[in-house]
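One structure below.
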Amino acid sequence: MKEIHCTIIRGGSSKGVFVERDELPPEGAERDRQVLALFGSPDPRQIDGLGGADMLTSKTAIMGPPTREDCDVDYLFGQVSFTLPKIDWTSNCGNISSGAALYGVYKGYVSSQEPSVQVAVHQVNTGRRLLATVPLEDGRPATEGDFSIGGVPGKGARIDLDFQDFAGCIMNRGLFPTGNPVDRFDIPTIGALEVTVIDMTNLCFCVRAADVGLDNERDVMELRADREVVSRLDTIRATVAAEIDFIKGNDASERLMVSVNPLLFVLGTPRSYRSLDGTPIEGESTDLFARSFSRSVFSKAYPTTGSIATTISCGIPGTITSEILTGGPSPLGTPYPIRIGHPGGTMEIEAKLSQDNNQRIRVDSAIIGRTARVLVEGLAFIR
């Protein structure tokens, strides 16, 4: 059997298998075959590999020396399907991004004896630059801290991620690919539906919970099992993706089952509920109540990339998110925090927006705190 050196890192509320670029063949069918074998895909249990049989744990990061002069390390993200022999190499994962920053220090791409170090990560899928601040202890990534995140037990050292460079990174049409903060789409079996389409860290569709019959506190695991609800959201995702010329055609159904993008977010006003681990979340501790949906599955947490897109959308007048937000968007140039309540708990993001000389919105900062730690390092064996 073939040996592959790898490192398993929990990054944020996700977990990924990190592999050095030179451990694998060049981009192509053989590389995909080896990564699928590494994860035990396709198989819903991924029993013969390292995958965790959940979309939050079936993720890979291909790492290597930087191919951009202004970066310290390359990070290529892959979402490994466990139902199809496919890998999505076209998206980004913000949680695994925190693991990529940690990896950069752990593997010696960046070194310092200071209390923290900045790591410039080349996010290869999008070609963008992520700036991360990693806390250190004796030159190594700190393993202890007092920062907690929803969906992860315990506490750890806070890693700050700034995604300010990621506007328009998927479709290359700017922050709003349609040119509008909100559009109306004719959805089969639903009718006219308003959607905010925002391209920020990933391609994201934001809808009002009340408009799609989800203005409630139903448990996300119950929603996963509700085929009518899943079908309804699948239809929205597919229809809007086709209308904006992102994914359409005869193979659209299969591509939508493989691709992380577009991500669909169902957003409502704050409310009290219990997270998946039973923790009570008080409505006044959040600004939005949110659920994430992609590839026919509700997420058990909330994507870091989605939280950034949601937060940026909150700061722009006319978007669905800014209308839901009590008090509306903050003035441009003023840093503002957004607290999101999601099935795994809560998360807080801080952003700052301005306008360029052409009066277009510019993202000056989009910062979220994550934790990450190395779980395993060793040899994996594939057939």
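Here are a few things to note about the model shown:
- Dividing the helix sum by the residues of the chain, where each DSSP H run of 4 or more adds -39500 (n - 2.57), gives a mean residue ellipticity at 222 nm of -5500 deg cm²/dmol.
- Calculated Cα Rg over 2.2 N^0.38 Å (choose from (i) 0.94; (ii) 0.99; (iii) 1.43), label: (i)
- Taking the empirical scaling 2.2 N^0.38 Å for compact globular proteins as reference, segment 83-241 has a Cα radius of gyration ratio of 1.30.
- Taking every alpha-carbon pair under 8 Å whose residues sit at least 6 apart, segment 5-136 reaches a relative contact order of 22 percent.
- For segment 183-358, the C-alpha radius of gyration divided by 2.2 N^0.38 Å, with N the number of residues, is 1.00.
- Rounded to the nearest 20 debye, the dipole size of the chain about its Cα centre is 420 debye, using +1 on the Cβ of Lys and Arg and -1 on the Cβ of Asp and Glu.
- Highest average packing first - 167-180, 323-336, Cβ atoms within 10 Å: 167-180, 323-336
- Above 14 Å, the calculated P(r) of segment 286-349 contains 54 percent of its Cα-Cα pairs.
- Cβ-placed point charges (K, R +1; D, E -1), dipole of segment 183-358 about Cα centre in debye, nearest 20: 280 debye
- Expressed per residue, the C-alpha convex hull volume of segment 188-249 stands at 111 Å³.
- Segment 294-383: relative contact order as a whole-number percent, Cα under 8 Å and 6+ apart: 22 percent
- Listed peptides 40-48, 283-291 appear in the order 283-291, 40-48 once ranked by packing, highest mean of other Cβ atoms within 10 Å at the front.
- Radius 10 Å from Cβ of residue 332, net charge of other residues (Lys, Arg +1; Asp, Glu -1): +1
- Percent RCO, i.e. relative contact order, over the chain, from Cα pairs under 8 Å lying at least 6 residues apart: 18 percent
Every read-out reported here was derived from the displayed coordinates using simple, explicitly stated rules and does not represent laboratory data. Here the structure is a predicted model, which is why all the values come from computation and not from measurement. Glycine gets a Cβ as well: all are built from the backbone with ideal geometry, and neighbour counts include every protein chain shown.
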